[in-house]
Amino acid sequence: MKNLRVALRSLVKSPGFTLVAALTFALGIGANVTIYSFVSQLLLRPLPFPEAESLVAVWGRVSNGAKEAVSLPDFLDWQKQSTVFTGISAGFRRAMALTGKDEPVRLLAGRVSPGYADVLGVAPLTGRWFNADEDKPGGSRVVVLSEALWQTRFYRQPDILGKSLTLDGQPCTVIGVMPRHFQVAAKCDIWVPLALDPAKSHRRSDFLYVVARLQPGTTMARAQAEMDTITGRLTKEYPDTNTGYGTQLIPLQTDLVGSVRMPLLVLWGAVGLVLLIACANISNLLIARSCARARDYSIRLALGASRGSLLRDQLRECWLLGALGGGLGLLGAGLAVARLNSVLPLDALVTQPVTLDLSTFAFAIGLAFGASTLAGLAPAWLTSRLNLHDSLKSAGHGATAGGHRQRLRAILVVAELGLAVALLVGAGLMLRSFNKLLHEDPGYNPHGILTATVSLPATAYPKPADQAAFQKRVLERLAALPSVGSVALTNVPYLGGGNYLSIVIQGRSPLPPGQGIDAMFYTVSPEFHRTLGIRLKQGRFFTAQDHEKAPHVMVVNETFVRRYFPHENPVGARINFLDDNNPDWYEIIGVVNDVKQEDLTQPSYPEANICSLQNPISRLNFILRTEGNPAALASPLRAALRELDPGLPPYNVLTAEERLHENLGRTRVVTGLLALFATVAVTLSALGVYGVIAFLVAQRQRELGIRLALGAAPARLVALVMREGITLVALGTAAGLGLAAALTGLLRSQLYALSPFDPYTFATVPLVLGLTALLACAVPARRAAQVDPMVALRAE
């Protein structure tokens, strides 16, 4: 304790040094703790289910290896034939409207099979889960609430069981409440039985998400082998639909966090580099400090102190700096985590915001101790090698650095620069990639567009004629809103994905099983393409004359034409969807440009639009265009829908630009953080260069004074000092470019239309860092030219 008090007094006597070192530690430790808190909760911590390691997601696998949702008939066959699972369950999510005496509320409902809760191993907080009898079409209408909905909507009423709720116009009885962590696998407000008729489901109508639990002792390899056997059996039994279709088993946690795993690991690697740079910077500061204290250390050695005691004293100071920096870093990490919770799209992965828990505090303590020890080893080792005779002899001239000290400081600066170059290259690649995304043409004009969704309940709109009548009324009402230039609708969020169906082209020979062709299809209103600003390339758009009694028509995109009509005119060709709901042939009347939808990084897929006048829909996604601020239309839109049907709450009321912003949200955050960390790294590296060159000038003040006294031009001295800095920068940049070339391949999956070895980035980064470092050299170089020879020589 006494030694710690001595170390503390020593730091208090040098407040400037202590503040700079502690803040440097705080930057590195705070950044690492922030990213670790997300890595810990999302990647390292098991899912909050019993024996979570045995949970797997079961996906379909198409011929190109991509994973695909599962059809109901395939799922039921898997359920009957598999022996490697203790349970297998399926479901999907849809919106439902909760109506009653209060304002209608849109809820996210999970329609799942009865075994879902058992597979995850979660019991209700109160009540029960639904059973097999309730899962039949036309069975009892029951609903299970989430704990969050029970708390926010029903204020945790103890008598909630048995109450009747009106969902999509139909009464449902509450039978249970599920705990909050049950939502980790699929975030929902309520759960209702799947209750689908397999006789009405096509084998390639893929929409189910399947979760299973492995039998005890069953490996993933064995489970995958059995599922491959089952899918092979189904291929023989249903060659027209199942040829080329397989299965893919993925650990549930891996499946849930797959989209954030690589970005988090990239950020964790970046903050690790920042911490190493910070440690090198502090090591340089400590070496300079030990040089200034060399005379004190020599006197202590002369009076009998051991070299080991000097080493321990320096390490104690480092540990105190690490503790102070760690405390400040934790405060900063708390603020940073709160901010990242608000900007990272993690709702589907966590039920509670990420926080600094006990494991995070333990990580911060260990990191502070490890970083401070690493930063203190080099200066402590140099102090332990102090030459007593040379140090005492130089007392009259001031402490000297010694060649080995100066070389070590230079090595540390080169290491700093190398790490900074590698980090700056990574950030530069991400910035270039993100800039390409921002300038990617989505194929439509997102400015002035407001979107919203409404689901028509089957009880109120049971027939296509009812749906068509409502569509007509609502389009007329929305078109009459002030400042609305045009309005359209589609059956799925056009800016967020569509449905896939196999197709047949009239006049062509049937393809062998497994070689069918498909397209993503949408039902759209006649004004759809004009409202979005999609360009007509050939033929015509839909019109009001394309009604239910007219011949069925469709509009396709350019990718559809390139893939299926590469050398012929598609207009006039007839297409049939292999779907029981669309038995008729559709004539292609127009070709439009490709549109990038949910993911701007993915290539366009063949698309086919059919007219809503000929195919009424129950899920209405509205698109309103205005010359003014589209967000200002949100309130009038809600009011208009309330007038037409008070039981239809609109949801996903967003501008098209907000949707694009959401889609780029994760990339934007990762890129911004990498740029921030790279800026910190460059700043610390520049400070390191400045410190070394400034110390060099201070140590060579006598030599510089003699040179000036003998007639050397000040410019020669500036060049002499700058040459030292240029050498360090050149060595650091070369090392950094080599490190960057070895590491940037890890960013390949995060880059869009850009090579991880982009020559522009690799050429620009050395210039940026070089100019920054040379500016850091300029101040001490200028000081060298201003040395007063008389003052320098008088010190002798």
- Message: Looking only at the stretch 640-676, filter to residues that are small (Gly, Ala, Ser) and farther than 30 Å from Leu747 by Cα; which one of those is least open to solvent (accessible area, probe 1.4 Å)?
- Response: Ala640
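With basic (Lys, Arg), farther than 30 Å from Ser37 by Cβ, at pLDDT 70 or above and assigned to a helix (DSSP H, G or I) as the only criterion, which of Arg316, Arg295, Arg289 stands out?
It is Arg289.
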- Query: Which residue pairs have Cβ atoms under 9 Å apart, sit 6 or more places apart or on different chains, and have a first residue in the stretch 202-213 that is more than 19 Å from Tyr116 (Cα to Cα) and a second that is in a loop (DSSP other than H, G, I, E, B) and among the small types (Gly, Ala, Ser)?
  - Reply: His202/Ser71; Arg203/Ser71; Arg204/Ser71; Arg204/Gly516; Ser205/Ser71
- Requiring at least 2 residues that are β-branched (Val, Ile, Thr), at pLDDT below 90 and surrounded by fewer than 22 Cβ atoms within 10 Å (Cβ to Cβ), the helices (runs of 4 or more DSSP H) wholly within the stretch 1-120 are 2-12, 15-39
- Item | the stretch 169-201, residues that are free of Cβ contacts under 8 Å to residues at least 60 places away in the same chain and among the small types (Gly, Ala, Ser) | Gly176, Ala199
- Name, by its number, the condition in (1) under 32 Å from the mean Cα position of the chain (by Cα); (2) farther than 12 Å from Leu633 by Cβ; (3) among the aliphatic types (A, V, I, L, M) that does not hold for Ile449. (2)
- Query: When you go through (1) out of contact with any helix residue (DSSP H, G or I) (no Cβ under 8 Å at 6 or more places or on another chain); (2) modelled with pLDDT under 90; (3) closer than 28 Å to Trp585 by Cβ one by one for Lys472, which number turns out not to apply?
  - Reply: (2)
- Output the number of residues of the stretch 736-784 satisfying the condition of being among the aromatic types (Phe, Trp, Tyr), assigned to a loop (DSSP other than H, G, I, E, B) and open to solvent by 50 Å² or more (accessible area, probe 1.4 Å). 1
- Output the residue which, of all residues in the stretch 191-235 that are of a type in the set (Asp, Glu) and open to solvent by less than 50 Å² (accessible area, probe 1.4 Å), is farthest from Val70 (Cα to Cα). Glu226
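Within the stretch 419-444, can you find the residues that are more than 24 Å from Leu264 (Cβ to Cβ) and either touching a Leu at 6+ places or on another chain (Cβ under 7 Å) or surrounded by 24 or more Cβ atoms within 10 Å (Cβ to Cβ) (or both)?
Within the stretch 419-444, Glu440, Pro442, Tyr444 qualify.
Hey, could you check the stretch 548-568 for residues that are open to solvent by 70 Å² or more (accessible area, probe 1.4 Å) and touching a residue at least 12 places away in the same chain (Cβ under 8 Å) and say which is nearest to Val595 (Cα to Cα)? First the steps, then the outcome.
Quick first cut of the stretch 548-568, residues open to solvent by 70 Å² or more (accessible area, probe 1.4 Å) only: 548-549, 551, 562-563, 566-568.
From what is left, the residues that are touching a residue at least 12 places away in the same chain (Cβ under 8 Å) are 548, 551, 563.
Values: Glu548: 27, Pro551: 26, Arg563: 16 Å.
Among them, the one singled out is Arg563.
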- Note on the structure: Checked Phe154, Phe182 against criteria (aromatic (Phe, Trp, Tyr), open to solvent by less than 30 Å² (accessible area, probe 1.4 Å) and outside any loop (DSSP other than H, G, I, E, B)); the one match is Phe182
- Message: Can you find, within the stretch 250-265, the residue that is farthest from Ala52 (Cα to Cα) among those that are open to solvent by 50 Å² or more (accessible area, probe 1.4 Å) and modelled with pLDDT under 85?
- Response: Met262
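The values are calculated or read from the model by the stated rules, or taken from the named source; none is laboratory data. Everything quoted here is computed from the prediction, not taken from an experiment. Here the Cβ is made from the backbone with ideal geometry for all residues, glycine too, and neighbour counts use every protein chain on show. For accessibility, only protein heavy atoms count, side chains too; no ligands or nucleic acids. Shrake-Rupley method; radii C 1.70, N 1.55, O 1.52, S 1.80 Å.
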